[in-house]
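Each reported figure results from applying straightforward, stated rules to the coordinates on display, with no laboratory input. Note that the coordinates shown come from a computational prediction; the quantities given were computed from them, not determined experimentally. All Cβ positions, even for glycine, are placed from backbone atoms using ideal geometry, and neighbour counts span all protein chains on display.
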Amino acid sequence: MTQQTSSRRKFLKLAAAGSAVSAFGPAALAQGTQWPTKPVSLLVGYPPGGLTDAGARFVSRGMAAALGQPVLVDNKPGASGNIAASEVLRAADPFKLLVANTSFTINPHTYSTPSPLPTQFTPIGLILESQMVLCVNPASPAKTLAQFITWVKAESTKDFSYASSGNGGNTHLAMEYFRERTGLPKMSHVPYKGSAPAIQDVVGNQVPCMMDAASLLIPFIASGKLRPILVTGSARLPALPDVPTATELGVKDFVVTVFVGLWGPPNLPAEIVKKANAAMNAALSDPAISGQITKNGDAVGGGSAERLAELTASNYKLWGEVARRNGVRAE
């Protein structure tokens, strides 16, 4: 049995169990004022070392200090985060929370097997947000967006390609959305098993370009191994002050970020949401943590649970539309 098949079977089993869970019982509601009475787990659907795992570790220690209980990061990789999400859904346990990224809002649109709906979960708070950067190999002829568009159109008859971190993920959909907004011809998608190998092949000029989270690309930009063309946020990135936004360059309706958030299971009592949100905000207010996040090129999250709810809903709608228009599938 392959690892992918094993992950899919495990996910389906958890999803089936989770579908029977509708709400917390009276006991859970009653304990809201006492929570937490034991350690809290932050389930992460990816291996250690990535952006989502980093987000969980940024807040875990500070949350533990604020809550008076250990807050443990529990990595449950597989199915683009679906295995961890399904476990949180199935358990309906206020001591099992979910740390997930933008793919959480994409998976239901791109997986042929059922994925947990992000709108089922209880938003707690935004941990961090990262702009994306369109990068090319420095050997390419493109230094500006106009030159990039000219280059792609000239090379389109030769099957111009771009790299991504995987089929149906945020880097795949972001490039397809960018192509739509700029009127570029179809490009060949080259998916990798994660951002690291995709970046390495663009650095090695095996694939001409990619779009990924700024915090992952900035080290390669700083060393001259990649050339940035634009950033995708609403304002320029402090870590890349000379790189214009897509909006500045005339690309309409293209403001895209990658985010990492904290969710609870469905119907998490409001008192628990309030406590968990306050603990997360306390962790993010630590200058050592916020400084580390911004140094990496990301923006510190924080704020209300409603902020994450709005971000979740808008991304779920946007990426569903992009996936349908372009026939994007994760498998």
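Computed 3J(HN,Hα) for segment 171-186, one whole-Hz value per residue from the Karplus formula 6.51 cos²θ - 1.76 cosθ + 1.60 where θ = phi - 60°, is 6, 5, 5, 4, 5, 5, 5, 4, 4, 4, 5, 9, x, 6, x, 4, glycine and proline marked x. Full extension of the chain between SER112 and ASP159 yields a length gain of 14.2 nm, computed as 0.36 nm times the residue separation minus the alpha carbon distance. Can you sort GLU248, GLU129, GLU176 so the residue with the fewest Cβ neighbours within 10 Å comes first? Exposure proxy ranking, most exposed first: GLU248, GLU129, GLU176.
An ellipsoid equivalent to segment 50-207, defined through the eigenvalues of its Cα gyration tensor, has semi-axes of 36, 17, 13 Å when rounded to whole angstrom and sorted largest first. Computed over Cα pairs, the Kirkwood radius of segment 131-231 leads via Stokes-Einstein (0.890 mPa s, 25 °C) to a diffusion coefficient of 186 µm² per second. If you wrap the chain in the convex hull of its Cα atoms and look at it from every side, the mean projected area works out to 16.4 nm².
For the pair segment 267-294 / segment 122-161, the C-alpha centres are spaced 33 Å from each other. Seen against the Cα atoms of the chain and their longest principal axis, helix 51-67 is set at about 30 degrees.
Taking 16 Å as the straight-line reach from the Cα of LYS252, the aspartates and glutamates in range (excluding those fewer than 8 positions away in the same chain) are GLU176, GLU180. Between ASP201 and GLU306, what's the calculated FRET efficiency when r is the beta-carbon distance and R0 is 56 Å? Round to 0.05. The pair ASP201/GLU306 has a calculated efficiency of 0.90. Over the residues of the chain, the helix contribution to mean residue ellipticity at 222 nm works out to -13500 deg cm²/dmol, using -39500 (n - 2.57) for each DSSP H run of at least 4.
Of all lysines in the structure, those lying under 24 Å Cα to Cα from LYS274, and not within fewer than 8 positions of it along the same chain, are LYS38, LYS96. Amide H to amide H distances under 5 Å link THR245 with VAL231, where only residues 5 or more positions off or on other chains count and H is placed in the peptide plane. Charged side chains reduced to their Cβ positions (Lys and Arg at +1, Asp and Glu at -1) give the chain a dipole of some 480 debye around its Cα centre. Placing pseudo-labels 7 Å out from each Cα toward the beta carbon at ALA288 and GLU321 gives an inter-label distance of 4.4 nm.
Treating each Cα of segment 103-178 as one equal point scatterer and applying the Debye formula with no solvent, the log10 of I(q)/I(0) at q = 0.11, 0.24 Å⁻¹ comes out as -0.45, -1.23.
Across the chain, C-alpha contacts under 8 Å between residues 6 or more apart give a mean separation that, scaled by the residue count, equals a relative contact order of 27 percent.
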